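Values in this text are rule-based calculations from the coordinates and carry no lab data. Everything numeric here is computed off the predicted structure, so don't read it as measured data. Neighbour counts run over all protein chains shown; Cβ positions are idealised from the backbone, glycine included.
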């Protein structure tokens with residue numbers, strides 16, 4: 001086998017390894033939830049919005065862990081917060097905002113630019129540092 005053939009094989013192997021690693025990492029982010037679970041999260045978030053009335057603009061309230069609904073709790077979040085714009089479910093806290101889900105009251109009210117939010121279900125957006 002010549003040098004060029006070895007380089008092509010190495011490049012193909014490296015490319016495949018990178019694609020496989022990206023697939024594994026993206027699945028670890030927890031964004032790939034089924035429609036039924038996403039609907040349950042939306043309904044539970046709407047219930048939290050009704051039970052935690054946030055009045056002043058920009059205000060928020062952390063929901064104690066013992067009050068997390070079952071499907072949201074199954075995400076093993078680091079925090080659940082009700083804001084005037086909706087519910088923030090942080091699945092991985094980080095200095096730059098972390099990762100998680102946000103369920104909106106109104107799409108226009110989300111706190112970051114819409115480009116930062118892939119819509120993973122009806123009114124449910126995943127987020128990451130943007």
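Here are the numbers for this structure:
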read-out: Subset of the stretch 106-130 (residues that are in a loop (DSSP other than H, G, I, E, B) and touching a residue at least 24 places away in the same chain (Cβ under 8 Å)); value: 110, 111, 118, 122, 123, 128, 129, 130
read-out: Among the residues listed as 103, 80, the single one being crowded, with 17+ Cβ neighbours inside 10 Å, in contact (Cβ under 8 Å) with a residue 60 or more places away in the chain, within 22 Å of residue 36 (Cβ to Cβ) and touching a strand residue (DSSP E or B) at 6+ places or on another chain (Cβ under 8 Å); value: 103
